[in-house]
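Q: What follows is a single structure, and I will ask about it in a moment.
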Amino acid sequence: MSEHVNGWLAAYFDGELGDHRSQKVRAHLEECASCQEELATLTRLRQLLGENPEASGMLPAKQFASRVALHLSRRPSQPLWRRTATLLWGSIPAVLLTAWVFTQALFLVMTLSGIALNLGLWGPSELAITYQFSPVDALMVNLGISALIGLMILSWLASWWIRQQSNIAHQATE
Ligand SMILES: [Zn+2]
């Protein structure tokens with residue numbers, strides 16, 4: 001049996017060998033099951049990778065590695081802390097809105113119970129004297145809190161918009 005032709009198989013597969021060499025490889029393949037197997041593996045690998053003619057000079061393993069690297073650089077996997085941060089960042093408006101709804105409900109209850117107390121409609125009358133939370137004050141505090149939450153949502157929207165813009169700019173340069 002002649003020497004194994006492993007080293008020549010890729011070039012043989014790509015038709016890059018001269019007549020003399022490819023004849024030797026062909027002759028060896030006829031009598032060597034192990035080299036036949038390797039050629040079959042090579043063929044399957046090339047089909048799997050969707051053979052591109054420019055990379056045909058590469059060894060299959062090298063080609064595979066470079067494709068994996070290409071794939072990884074195209075779609076970088078985000079670390080967990082980054083995904084968590086993105087998730088938290090995205091939930092900020094919902095949290096702010098919930099807080100706002102909560103304060104509205106609280107102020108409504110406080111105002112109504114304050115009015116009821118002062119009119120003697122509800123609760124012990126002694127409480128009305130100590131409970132000095134006027135509806136006007138409540139309204140002012142409420143407006144202040146609403147403005148604050150509104151500002152926070154607006155600044156979140158502004159930074160979200162800036163992030164979107166920089167993403168678009170980033171994609172445009174790629
Ligand atoms: Zn062989």
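Rule-based calculations on the coordinates, nothing more; no lab input. Keep in mind the model is a prediction, meaning the values are calculated, not measured. Don't worry about glycine lacking a Cβ; one is built from the backbone with ideal geometry, like all the others, and counts go over all protein chains shown.
Q: For the pair S166 and L119, how long in nm is the line joining their label points, each one 7 Å along Cα→Cβ?
A: 5.4
Q: Test of understanding: ordering S2, S22 by Cβ neighbours within 10 Å, fewest first, what list do you get? Before the final figure, lay out each step's value.
A: Numbers: S2 10, S22 16.
Ascending Cβ contact count within 10 Å gives the list S2, S22.
Q: Convex hull over the Cα atoms of segment 80-173, averaged projected area in nm²? Write down the numbers at each step before the final one.
A: Details: hull surface 33.6 nm².
Quarter of the Cα hull surface area: 8.4 nm².
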